[in-house]
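Below is one structure, written out as structure tokens; the observations come after it.
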Amino acid sequence: MNWRAVVPGFGFAALALVPLAARWGPEAYALNLATRALIFALAAMSLQFMLGCGGLVSFGQAAYLGLGAYAAAILARYGGGDLLLEAGTAIPAAALFAVATSAISLRAKGVYYIMSTLAFGQMLYFFFVSLSALGGDDGVTLDARARLAGTDWLASDRAFYYAALAALALGYLLLDRIVGSRFGRVLGAIRQNPLRVRALGFEPFRYQLAACAISAALCAVAGVLLANLNSFVSPAFMTWQRSGDLIVMTVLGGVGSLGGAILGALAYLLASELVSTYTEHSGLWIGPALVLVALRGRGLAGLVWGGR
Amino acid sequence: MKRCLSVLTALAALAFPGGASAEGKVKIGMIVTLSGPPAVLGGQIRDGFALAVKKLGGKLGGLDADIVVVDDQLKPDIAVTKVKGLLERDHVDFVVGPVFSNILQAIEKPVTASSAFLISPNAGTSNFAGKQCNANFFVTSYQNDQVHEVLGKYAQDKGYKSAFLLAPNYQAGRDALDGFKKQFKGRIADEVYTPLGQLDFSAELAKIAADKPDAVFTFMPGGMGVNLVKQYAQAGLKTIPFLSAFTTDESTLPAQKDAAVGDLGGANWAPDMDNPQSKAFVAAYEAAYGAVPATYAMQAYDTAMLIDSAIRTAGGKLSDRDALRAALKKGDFVSLRGGFKFSTNHYPIQDFYLTKVAKRADGKYETEIVERVFKDYGDSYAKDCPLK
Amino acid sequence: MSAILRLEGLSKRFGALAVSQDICLELAPGRLHALIGPNGAGKTSLINQISGALAPDAGRIFFEDEDVTRLGLAQRARRGLVRSFQVASLFDGFSALDNVALAAQARAGSSFRFFARAGKAADLNAKARVALDRVGLGERVGRRAGELSHGERRLLEIAVALACQPRLLLLDEPFAGLGVEESAEALALLQTLKTEVTMLLVEHDMEAVFALADDVSVLVGGRLIASGAPEAIRQSPAVREAYLGEEEAA
Amino acid sequence: MALLLVQTLNGLQLGIILFLISAGLTLVFGVMNFVNLAHGAQYMVGAYLAAWLIGLTGNFWLGLALTLPATLAFGLALEALIYRHLYNRDPLDQILATFGLILFIDEGVKTIWGAEPISVDTPAALAGGVALMPGLLYPIYRLALIGAGLAVAALLYLIVNHTRVGMRVRAGASNSAMISALGIDIGRLFLIVFGLGATLAGLAGALVAPILSVEPGMGDSVLILVFVVIVIGGVGSIRGAFLGALLVGLIDTLGRAFGPALLDLAMNPSAASQTGRSLTPMLIYLLMAGVLFVRPSGLFPVKR
């Protein structure tokens, strides 16, 4: 065993202890905050897979978050409110949307790619804003949290925290395996030198398309969890600023490192919450902090692990 | 990772300062929007409430008032976390807020399921007025449709043959036009929905000029309203009566100025309301914050007065929730708008007025009452509410 | 036997600059064909067109009697038309072994595998080691490509190309920037390789070219001015004037 | 017919505003390869400075004249403090830094000028309007705005195509490696391009102040539209930004004005109004996706 395997193990073990620590504090608040942080960590990690491992800067990641959330809301409304069913619906829906839109986006390179993902994200946002059947801009309230395989375990905030943690850990293991697989090796090679990859006989398009689908699927799971955490879904989940937030979390943590994305999401959300507890002008503090991290480069992972 | 763990622990310790509420103290958690363009509305609510508490000597119902203000950033999921923080960390007895209805949808359940009361000084959606009404949820503003109904009624009474409707394409916009159409039976010249956040209305203005309606009705809050009103005046369309809700009020008038003068609106109050408590409030607010208060500030002020009266009636015992609820429901306080009482669904029954924008002698702008359109008007959803 | 590669009237312009003008060329299988010419003669542009990185304006390219003119870089590579790059263009973040194993993976056609650790794929690693041993980098397998010396990177480039199991190998200046000793090693390597695979060698180093090549073609100003056995080319007055003469004079 | 004329004029005018903001950003993108999300915030700062300076001097023209150097100074300060250190870095670091800047600047203007929207009066010389169709006055200020935008476009065209600096800028946009090969001082060129971009954004902010409300966050929504314009036009191309901006302005305006009526002809009214409502805000994004599908580098790419 090497330290690269040990560190994430300790990290997840520490996260598993949070609910125990929360019992001494304002439990529901702490759990809500921590669960939200885990969910965004999952979303940021899904973006990291595309952006850090595949070199695809998606500015529309929040669209998948929203798709997952609306899948949960729609199923909950028609009585299919089981977490497994919701995830089982959200995953193919998001993957399909990702494949359809990325097939167009991937034709464009660099800034053009970034902007076309943004355009598709905005389209979906406006679609849900104008969809009166689901409350439009006001969003839609879920009557109850989803069941899990027929049981109502998830009704407890603590159990829901562990469900989110399990999703995050599974997502981490899955992506870690994919990054190290033959597929991941091609993807990493495309990020470094696409021309060379083609000269070896690979078509980058197919690999990048698959990466988009995987990333979207995982992000949609985060969306399902977010919908159930708040029992509420609205288009505000999928604004372009949200996509920007996710990029910030990912870059903050350190580009290319899955663990870094988790760290970045936790740090960004907790710091925002903390600062806004003390001042109404949180932008005056968070903004310069982000600038400083950017000027230093390599994100927080760079500070903690000392490089990529 | 070890280092980041210690960072997390430190963060956790900082984020949970908490502590139970002390005896003889009442804790109020206020959740309003304080970032982005709508921050001005949240600011009015915060200031209006603070003004009332100051007038009461820093006390509510004789108890020392401790007020925690948080910003929902207009993001529903963030609002839920913030509200949980108010409830669990700060142990507030009342949650006052929010400004916007989508935030209300997100926080209603967590607050009403807790031991605190939720009092909305602005957002009042139809679902919580009807079937989903809740014993622990009160609204001190109005049911959202009512303001639009005022203008629909006015247009109908005035005998306008046709109206051109304009609203942003989101839920509140669609509700607004429905509210207007509930009372107005004339011809709808056109019904136009613009994308949320649209800045330039010249395309719509040209359409209005081409349609030549008897009146224009619009709901265009915030910066959109500022732009629309200025552009409407610049396009020389002011010969067509301009009826609007949340488009010209004291939060937007400093930017709209002369362009808005003469525009008609519907409201439950205006700064020139002729009663002593209202006059004193407007004077104090202007002295303290240098701006003319809008209904947001008025409703927040009334909210503080409502809480004050309820604690007093319940004998200062915050733990007796049933007594407190009954006292709240009585609404036994002197409202700035004169008469005020709650309907069975905990939404107010009150008068509504047609207002008109005017320039005051001191050069500032405000809305002024033209005539009363509805008297003791309750909303139509109350009959669906199971509360008695 | 018919030609392994046939170019018919290949032309390419960049604005006012004609980099290829009506180029016709046939490469016989089993031989090493060298392409020489002064700087800016259009050698790399021609390699780019043959490999598929650049689309010609006119003309056709046949590879093993198949018209590949419209095929992309990747499709040609999968058919065995493999190239190396002039500026060593490796995956610097990967180890030497991974660089070559990726090429073997491309050949094995098994890249939509998501779970098994690629680094532990014995078959790919074995193939990669063979190729690395072949170019003399057996000691360097674990090093990151970015940490290798310039000469080692050129050799790794060849190893990567070999792992693609080429039927025709396009080598773009493999001797560029090498020291005397390294050049000698590379020369020896190509001497043994030419018995196994057909090669088109673009090179500046005349000593290497005349030591290795079975046939030589000369490109000047985007035009093929001569093609033939090395001795004939060396003697050709036209070539001497256009190209060799300049160098000898210098 | 008069309606069509007026709506076309409206589209043109929206396009001109978008062009003024896009022109600077497309150069910053193209020449410096710099992803500057804070460009919208600089436009907002221009509007705020204009509102403040016009109020201070009591004269529109004087205020406008002072706004330009002020926004230039603001832009150069940002360049020296932050951007300069990020030029050769991962675009993601640039995104992170400029995203942080948006947060800071939005909050900053709110702290200084308050959250209330503020407005600027139309200068007296350009007040009033002309009746282009019955019942509708077309404000003279808007006509002047179109004129000013066209003048700026012409000026930029002259600078970029007929001066030494312009030649270098074009060289930089098509191939940044080439400028250093030509021995041009890159630091200075970047400073010029960036200063030009900042001034243009500030000018746009100042010019729209009399017709749009000046409020915190006003740059954010515009930023997205500007991205669309740049991507449609082709990164680094002034001509592309100009034509892209007019295209977006016209399609958006005409789509809003006549789209629902066209849909009415095609399907039953209630379905049409539903579809129209969902479709109109998506129109320009559909346009952009369509352009990218056919021309992945925009309509007028700079040759690379």
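A few points about this structure:
Conditions (1) in contact with a strand residue (DSSP E or B) (Cβ under 8 Å, 6 or more places away or on another chain); (2) among the aromatic types (Phe, Trp, Tyr); (3) open to solvent by less than 50 Å² (accessible area, probe 1.4 Å), marked per residue:
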| position | (1), (2), (3) |
| --- | --- |
| B:ASP320 | no, no, no |
| B:ALA327 | no, no, yes |
| B:GLY331 | yes, no, yes |
| B:PHE340 | yes, yes, yes |
| B:ILE349 | yes, no, yes |
| B:LYS359 | yes, no, no |
| B:VAL370 | yes, no, no |
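- Being assigned to a helix (DSSP H, G or I) and either of a type in the set (Asp, Glu) or touching a Pro at 6+ places or on another chain (Cβ under 7 Å) (or both) holds for only one residue in B:ALA326, B:ALA300, and it is B:ALA300.
- Cβ-Cβ under 6 Å pairs, at least 6 apart or on other chains, the range B:155-182 side among the basic types (Lys, Arg), far side surrounded by fewer than 18 Cβ atoms within 10 Å (Cβ to Cβ): B:LYS161/B:ASP214
- Residue ID - most open to solvent (accessible area, probe 1.4 Å), chosen from residues in the range B:209-225 that are facing chain D (nearest Cβ under 8 Å) and farther than 17 Å from B:ASP175 by Cβ: B:LYS212
- Set A:LEU75, A:LEU84, A:LEU51, A:LEU31: member being away from chain B (no Cβ under 14 Å), touching an Asp or Glu at 6+ places or on another chain (Cβ under 6 Å) and assigned to a helix (DSSP H, G or I): A:LEU75
- Residue pairs meeting the criteria (Cβ under 8 Å; at least 6 apart or on separate chains; first of a type outside the set (S, T, N, Q), in the range C:139-157; second part of a strand (DSSP E or B)): C:VAL141/C:SER95; C:GLY142/C:SER95; C:ARG143/C:SER95; C:ARG144/C:SER95; C:ALA145/C:SER95
- Candidate set: the range B:165-190, residues that are away from chain A (no Cβ under 14 Å) and closer than 28 Å to A:TYR125 by Cβ; chosen: the one surrounded by the most Cβ atoms within 10 Å (Cβ to Cβ): B:PHE180
- Residue list for the range C:181-209, restricted to those being among the acidic types (Asp, Glu), open to solvent by 50 Å² or more (accessible area, probe 1.4 Å) and assigned to a loop (DSSP other than H, G, I, E, B): C:GLU196, C:ASP205
- Of all residues making up the range C:90-112, the number that are open to solvent by less than 20 Å² (accessible area, probe 1.4 Å) and either facing chain A (nearest Cβ under 7 Å) or assigned to a loop (DSSP other than H, G, I, E, B) (or both): 8
- Verdict on B:GLY43 being at pLDDT below 90 and either facing another protein chain (nearest Cβ under 8 Å) or open to solvent by 20 Å² or more (accessible area, probe 1.4 Å) (or both): no
- Leading residue by the ranking (least open to solvent (accessible area, probe 1.4 Å)) among those in the range D:110-119 that are more than 9 Å from chain B (Cβ to nearest Cβ) and closer than 22 Å to D:LEU64 by Cβ: D:TRP113
- Residue count for the range D:1-36, restricted to those that are part of a helix (DSSP H, G or I), within 14 Å of chain B (Cβ to nearest Cβ) and more than 13 Å from the chain's Cα centre (by Cα): 11
- Lone qualifier among B:ALA283, B:ALA291 - being part of a helix (DSSP H, G or I) and either open to solvent by 20 Å² or more (accessible area, probe 1.4 Å) or modelled with pLDDT of 90 or more (or both): B:ALA283
- Pairing each residue of the range D:249-271 that is more than 13 Å from B:GLU204 (Cβ to Cβ) and of a type outside the set (A, V, I, L, M, F, W, C) with any residue that is at pLDDT 75 or above and surrounded by 13 or more Cβ atoms within 10 Å (Cβ to Cβ), provided the two are 6+ apart or on different chains, yields C-beta distances under 8 Å for D:GLY249/D:GLY11; D:GLY249/D:LEU12; D:GLY249/D:GLN13; D:GLY249/D:LEU14; D:GLY249/D:GLY15; D:GLY249/D:ILE16; D:GLY249/D:ILE17; D:GLY249/D:LEU18.
- Count of the range B:345-388 residues, restricted to those that are within 24 Å of B:PHE333 (Cβ to Cβ) and over 22 Å from the mean Cα position of the chain (by Cα), is 2.
- Here A:PHE10 fulfils each of the conditions (1) without any contact (Cβ under 8 Å) to a residue 24 or more places away in the chain; (2) more than 9 Å from chain B (Cβ to nearest Cβ) apart from (2).
- Some residue of the range A:185-198 being modelled with pLDDT under 95, within 18 Å of the chain's Cα centre (by Cα) and among the basic types (Lys, Arg): no
- Test: residue in the range C:13-23 that is assigned to a strand (DSSP E or B), open to solvent by 50 Å² or more (accessible area, probe 1.4 Å), at pLDDT 90 or above and in contact with a Gly (Cβ under 6 Å, 6 or more places away or on another chain): yes
- Of the helices (runs of 4 or more DSSP H) that lie entirely inside the range A:184-299, those containing 3 or more residues that are more than 14 Å from chain D (Cβ to nearest Cβ) span A:194-199, A:204-230, A:258-278.
- Filter result for C:LEU71 (more than 25 Å from C:VAL209 (Cβ to Cβ) and either assigned to a helix (DSSP H, G or I) or open to solvent by 10 Å² or more (accessible area, probe 1.4 Å) (or both)): yes
- Scanning the range B:226-240 for residues being part of a loop (DSSP other than H, G, I, E, B) and open to solvent by less than 10 Å² (accessible area, probe 1.4 Å) gives a total of 2.
- A single entry from A:SER181, A:SER116, A:SER132 fulfils the requirement of being free of Cβ contacts under 8 Å to residues at least 24 places away in the same chain and within 14 Å of chain B (Cβ to nearest Cβ): A:SER132.
- Residue in the range C:213-231 that is under 22 Å from C:ARG83 (Cα atoms), aliphatic (A, V, I, L, M) and either outside the structural domain of C:VAL82 (by TED's automatic domain parsing) or not in a strand (DSSP E or B) (or both) present: yes
- Residue among D:ALA171, D:ALA131, D:ALA151, D:ALA144 that is out of contact with any Gly (no Cβ under 6 Å at 6 or more places or on another chain), free of Cβ contacts under 8 Å to residues at least 24 places away in the same chain and not in a helix (DSSP H, G or I): D:ALA131
- Of all residues in the range A:139-163, exactly one satisfies the criterion of being open to solvent by 60 Å² or more (accessible area, probe 1.4 Å) and in contact with a strand residue (DSSP E or B) (Cβ under 6 Å, 6 or more places away or on another chain), namely A:ARG147.
- Tally, over the range A:54-99, of residues that are open to solvent by 10 Å² or more (accessible area, probe 1.4 Å) and within 23 Å of A:ALA236 (Cα to Cα): 19
- Test: residue in the range C:170-180 that is assigned to a helix (DSSP H, G or I), free of Cβ contacts under 8 Å to residues at least 12 places away in the same chain and either more than 20 Å from C:PHE91 (Cβ to Cβ) or among the polar types (S, T, N, Q) (or both): yes
The values are calculated or read from the model by the stated rules, or taken from the named source; none is laboratory data. This is a predicted model, so every value here is computed, not measured. As a convention, Cβ positions derive from the backbone with ideal geometry for all residues, glycine included, and neighbour counts pool all protein chains shown. Areas reflect the complete protein model, heavy atoms only, side chains present, ligands, DNA and RNA absent. Shrake-Rupley method; radii C 1.70, N 1.55, O 1.52, S 1.80 Å.
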